[in-house]
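Okay, so here's the structure we're looking at.
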Amino acid sequence: MEMTDNLEITGGVYLVVDPAMDRSLLLSKLAPALKTGITAVQIWNNWLPGTDKGSYIAAVSGLCRAYSVPLFIGNDWELLIDSPDLDGVHFDSVPENYAEIKRKVGRPFMAGITCSGDLDIVRWANKNEFAYVSFCAMFPSTSAGSCTIVMPSAVREARGITDLPLFVSGGITPENILSLRKLTPFDGVAVISGIMSADDTSLKVRSYQEALNSTKHNL
């Protein structure tokens, strides 16, 4: 199966899912979120020992493809080689020898990267034609515990460096999107527990979408 055609990330709600969650539960929460409107899905590299990664990826991909939503893997770029169901990889830091990674994968794929305020990462991603840059963390968050706090000014400066879509993550809620947008422009939000911990993921996604749409004039 080839990468989903004509995929483009421009902004919106980027959903990160935790493969440590029971698969049936994850899929039951993911389906309504996708139906409501998700920009992209990333499988966080938080695998339980003994997990059949290929089977898990295929199950998540089946839902994503039904809605033409690209599926990323967190950091484990090697999985792109044997998992045609993956559309891309998200790096938590600048990878060593990215040219060699592309050669080994041997097919087109999308790539995104986390920036914790180092704008050289933004310049590198722009030069290497990445699909997006994500800033982590804007606020304290249990799911973004390894990220340092990013100042809004860093995101604002990044907009002057690149036209790539800029996402913010870490403690993002529908309620704080407005206050953050008053401080800096961004195109979308990356969310983990803010959506997947909700009983009604469709309703939660819609609340993020409405917050993003209502603040467009603040860009």
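Brief remarks follow.
- Near Arg23, once Lys and Arg are set to +1 and Asp and Glu to -1 for all other residues with Cβ below 13 Å from its Cβ, the sum equals -1.
- Neighbours of Thr184 by Cβ distance under 13 Å: Lys/Arg scored +1, Asp/Glu scored -1, total +2.
- Measuring r between the beta carbons of Arg103 and Glu8 and using R0 = 22 Å, the FRET efficiency lands at 0.35.
- Cβ-based exposure ranking for Leu30, Leu25, in which fewest neighbours within 10 Å come first: Leu25, Leu30
- The charge dipole of the range 58-180, taken about its Cα centre with unit charges on the Cβ of Lys, Arg, Asp and Glu (plus for the first two, minus for the last two), comes to roughly 260 debye.
- Placing a pseudo-label 7 Å from each Cα along the Cα-to-Cβ vector at Leu203 and Glu78 gives an inter-label distance of 4.3 nm.
- Across the range 177-185, rounded Karplus estimates of 3J(HN,Hα) from the backbone phi angles (6.51 cos²θ - 1.76 cosθ + 1.60, θ = phi - 60°) give 4, 4, 5, 6, 5, 6, 9, 7, x Hz, Gly and Pro being marked x.
- The eigenvalues of the Cα gyration tensor, multiplied by 5 and square-rooted, give the chain an equivalent ellipsoid with semi-axes of 25, 22, 15 Å from largest to smallest.
- Fewest-first ordering of Thr162, Thr201 by other beta carbons within 10 Å of each residue's beta carbon gives Thr162, Thr201.
Taken together, the values in this text are just the output of simple stated rules run on the coordinates, not laboratory data. Being a predicted model, the structure only gives us computed values, none of them experimental. Every residue, glycine as well, gets a Cβ built from its backbone with ideal geometry; the counts of neighbours run over all protein chains shown.
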